[in-house]
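Undergrad: Let me give you the structure first, and then I'll get to my questions.
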Amino acid sequence: VPEGDASFEVHLGSLSLRVLDLPTAYEPFVHEHYEPFCRPLAGTELEGAALRCRQGEGVIIPFPEEGGVTQLDIEREAKRVLVRSHFVDAALDLETGEGRLELTDRTWDRFSHSLENVLRVVAQARALGQEQCFIHAAAVLDAGRAVLLAAPSGVGKSTAVGLSLPRQVLTDDLALVDASGAGPELVSTPFHPAEPPESRQRGRWPIAAVLRLRQSPDDRLERLSPAKAAASLGALLPYAADLGVGAEVITPLIAKIVGSVPVYDAHFTRSPRFWDLLATEQKL
């Protein structure tokens, strides 16, 4: 990663994440990954966090052996959240929204993964207090509305995204849902986008449906009751437990989403037929 420093502000709908004195030149890293999201959407009031950076040294958590899983430790300490991984040590004050971010390795992939891991956790921490949440889901634009393809890692989100083309893919991994308005909306973010920077689509869209992906020998949709839908989605909020966010916050938020948006168990056979089934359901 090139020498230098940069300060920038990423806008995720009504969320703002300000990164101050990041130890890298603005070009090419920050521009390539975050610049499209550094402009606020018109008419949006912002609430967020500010992380002041510094260059550190050494390994914070021992790096796994080759083929091992990256470790991300999140700890709630009173009104603070601590985030540590192999080459990053960060903390956020939940009351003031101010925090620190120390990065210890300038190797490109280690640097970028460290930064994005912290931004994801901080964004979720701020979102959950404002009737918003990140869900483990891909999001695909269909006829002007977003369809969430929700599932934990390894179940088939990337496969389902590939089967959704040529529809516009808004994210392939993590979906930001804003339930603070009249109806839940999907807000685009830069986190693990499926599309290259030049073709990413900024904005917010009403959510047509949530499909809880399940690999199966047949293709069918099973609409879930509000209680089952809430339980299914509540289990797909990354970092919520580590952040110490309780049922008093999560339950009404998820209830508001499933009260307005149909949620289905989507049994699929690695074919695009689930789109035809959804179109039929939406016409009923």
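The values are calculated or read from the model by the stated rules, or taken from the named source; none is laboratory data. Being a predicted model, the structure only gives us computed values, none of them experimental. Here the Cβ is made from the backbone with ideal geometry for all residues, glycine too, and neighbour counts use every protein chain on show. Ligands, DNA and RNA are stripped out before the accessible areas are found, and what is left, the full protein with its side chains, is counted by its heavy atoms. Shrake-Rupley method; radii C 1.70, N 1.55, O 1.52, S 1.80 Å.
Undergrad: Filter segment 56-107 down to the residues that are assigned to a loop (DSSP other than H, G, I, E, B) and among the basic types (K, R), then identify the one that is farthest from Y239 (Cα to Cα).
TA: R106
Undergrad: Only one of E9, E57 is within 26 Å of T107 (Cβ to Cβ), touching a Cys at 6+ places or on another chain (Cβ under 7 Å), modelled with pLDDT of 85 or more and of a type in the set (D, E, K, R); which?
TA: From the options E9, E57, the qualifying one is E9.
Undergrad: Another one. Scanning segment 21-53 for residues that are part of a strand (DSSP E or B) and surrounded by fewer than 16 Cβ atoms within 10 Å (Cβ to Cβ), which turns out modelled with the lowest pLDDT?
TA: E47
Undergrad: Collect the residues in segment 257-272 that are modelled with pLDDT under 95 and among the charged types (D, E, K, R), keeping them in residue-number order.
TA: R270, the sole residue that qualifies.
Undergrad: State all residues of segment 245-284 that are in a loop (DSSP other than H, G, I, E, B), within 16 Å of C133 (Cα to Cα) and open to solvent by 50 Å² or more (accessible area, probe 1.4 Å); if no residue qualifies, say none.
TA: Within segment 245-284, G259, S260 meet the criteria.
Undergrad: While we're looking at this one, here's another question. Within segment 197-220, which residues are buried (at least 18 other Cβ atoms within 10 Å of the Cβ) and closer than 19 Å to Q282 by Cβ?
TA: Scanning segment 197-220 gives W205, I207, A208, A209, V210, L211, R212, L213.
Undergrad: If D73 satisfies every condition in (1) loosely packed, with under 15 Cβ neighbours inside 10 Å; (2) at pLDDT below 95; (3) over 23 Å from V177 (Cα atoms) but one, which is the exception?
TA: (2)
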